[in-house]
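The values are calculated or read from the model by the stated rules, or taken from the named source; none is laboratory data. Bear in mind that the values here come from a model prediction, so they are computed numbers and not experimental data. FYI the Cβ positions are ideal-geometry reconstructions off the backbone, even for glycines, and counts take in every protein chain you see.
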Amino acid sequence: MKKAFALGSLFLLSFIIFAVALFPASIALNLAAKQLPPGLQLGPASGTIWQGQINGVRYQGQYLSKAQWQVNAWALLTGKAQVDVTLGNKRNPEELSAGGVINYGLFEKDLTVTDANARVRIEQALAQVQLPIPTQARGRIFVDIAQYQLGQPHCQVLAGEISSPDITVKGRNGWFSIGELEGQLVCKNGGISVKVDKENRLGLQVDAGLNERSQLTASGFVKPDASLPKDVHDAVQFLGNQTSDGRYRINF
């Protein structure tokens, strides 16, 4: 009797494990449909809840050709949920893309992201912010994050870089290049900050980001290189008066 009970329990446990391991992602998404954000549109899903893919994601005007995930089952044994996520196609310069490893401590309740990257067109980024000077620009923004840990309210640990290798801006006489911009991503008083201090043609030195009150801020200076078109020099005058060394202050 005991042997039969043990065999039955083993069979039931094996059945549950295989059922969970092979649970289709499409069914899981259908079950969770009411919990998803309004306006989120998902294409067909394939694979399982442990490793799968959604072909096509649209949300708030942004489109991703795919969303892939792979759950590290072994990490669950250590009390952590670890998911390797890939969004979009980073080889397509017209598409928003991102990826990284997301870790969540089931006991500590801490959220970290490692080896993450994102690629976005400058036009997409500009559509989300309001600049002191109306700007039309083209190019790609590259974000690479070695480590991020969620804190109060936004950030506890952050080590990363943000860059745009070739930015072109529209002036009265057409498009022209302002070259490359690079910045360091760090935490600052619980907010997320990007610090640009490397030499660039705009003469831009700025500390910008999302502060602890969830406000977008920027503070610094700009002094365009003499080789840049007159359009650039005219535009920065809207920032106010020059300082004694010919720079214009940025503060918003």
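Looking for something in a helix (DSSP H, G or I) and either under 21 Å from A137 (Cβ atoms) or over 19 Å from the mean Cα position of the chain (by Cα) (or both) - is there at least one such residue anywhere in region 164-182?
We begin by selecting, within region 164-182, every residue in a helix (DSSP H, G or I); these are none.
So far as region 164-182 goes, no, none of its residues is in a helix (DSSP H, G or I) and either under 21 Å from A137 (Cβ atoms) or over 19 Å from the mean Cα position of the chain (by Cα) (or both).
Does R140 qualify as being charged (D, E, K, R), loosely packed, with under 15 Cβ neighbours inside 10 Å, touching a residue at least 40 places away in the same chain (Cβ under 8 Å) and out of contact with any Leu (no Cβ under 6 Å at 6 or more places or on another chain)?
When the stated conditions are applied, R140 does not pass them.
When you go through (1) surrounded by fewer than 16 Cβ atoms within 10 Å (Cβ to Cβ); (2) modelled with pLDDT of 90 or more; (3) of a type in the set (A, V, I, L, M, F, W, C) one by one for W74, which number turns out not to apply?
(2)
Pick from region 176-192 the residues that are of a type in the set (A, V, I, L, M, F, W, C) and modelled with pLDDT under 90: which of them is surrounded by the fewest Cβ atoms within 10 Å (Cβ to Cβ)?
If we take residues in region 176-192 being of a type in the set (A, V, I, L, M, F, W, C) and modelled with pLDDT under 90, then F176 is surrounded by the fewest Cβ atoms within 10 Å (Cβ to Cβ).
Output the number of residues of region 181-199 satisfying the condition of being touching a strand residue (DSSP E or B) at 6+ places or on another chain (Cβ under 7 Å), under 13 Å from V222 (Cα atoms) and of a type in the set (D, E, K, R).
The number of residues fulfilling the criteria is 2.
Mind listing whichever residues of region 61-94 are in a loop (DSSP other than H, G, I, E, B), farther than 20 Å from S46 by Cβ and charged (D, E, K, R)?
Once the filter is applied, which keeps residues that are in a loop (DSSP other than H, G, I, E, B), farther than 20 Å from S46 by Cβ and charged (D, E, K, R), region 61-94 yields K90, R91, E94.
Could you tell me whether region 128-135 includes any residue that is over 16 Å from the mean Cα position of the chain (by Cα), of a type in the set (V, I, T) and surrounded by fewer than 18 Cβ atoms within 10 Å (Cβ to Cβ)?
Within region 128-135, the first condition is being over 16 Å from the mean Cα position of the chain (by Cα), and the residues that meet it are 130-135.
Subset that is of a type in the set (V, I, T): 133, 135.
Narrowing the set further to residues that are surrounded by fewer than 18 Cβ atoms within 10 Å (Cβ to Cβ) leaves 133, 135.
Yes, that holds for at least one residue.
Tally the residues that are closer than 18 Å to H154 by Cβ, of a type in the set (S, T, N, Q) and modelled with pLDDT of 90 or more, restricting the search to region 197-218. Step through it out loud before you land on a result.
Taking region 197-218 first, the residues closer than 18 Å to H154 by Cβ are 207-218.
Going one step further and asking which of them are of a type in the set (S, T, N, Q), we end up with 211, 214-215, 217.
Narrowing further to those that are modelled with pLDDT of 90 or more: none.
Qualifying residue count, region 197-218: 0.
Could you tell me whether K230 is over 24 Å from the mean Cα position of the chain (by Cα) and either surrounded by fewer than 19 Cβ atoms within 10 Å (Cβ to Cβ) or modelled with pLDDT of 90 or more (or both)?
When the stated conditions are applied, K230 passes them.
So how many residues does region 197-213 have that are part of a strand (DSSP E or B) and more than 17 Å from A125 (Cα to Cα)?
Number of matching residues: 3.
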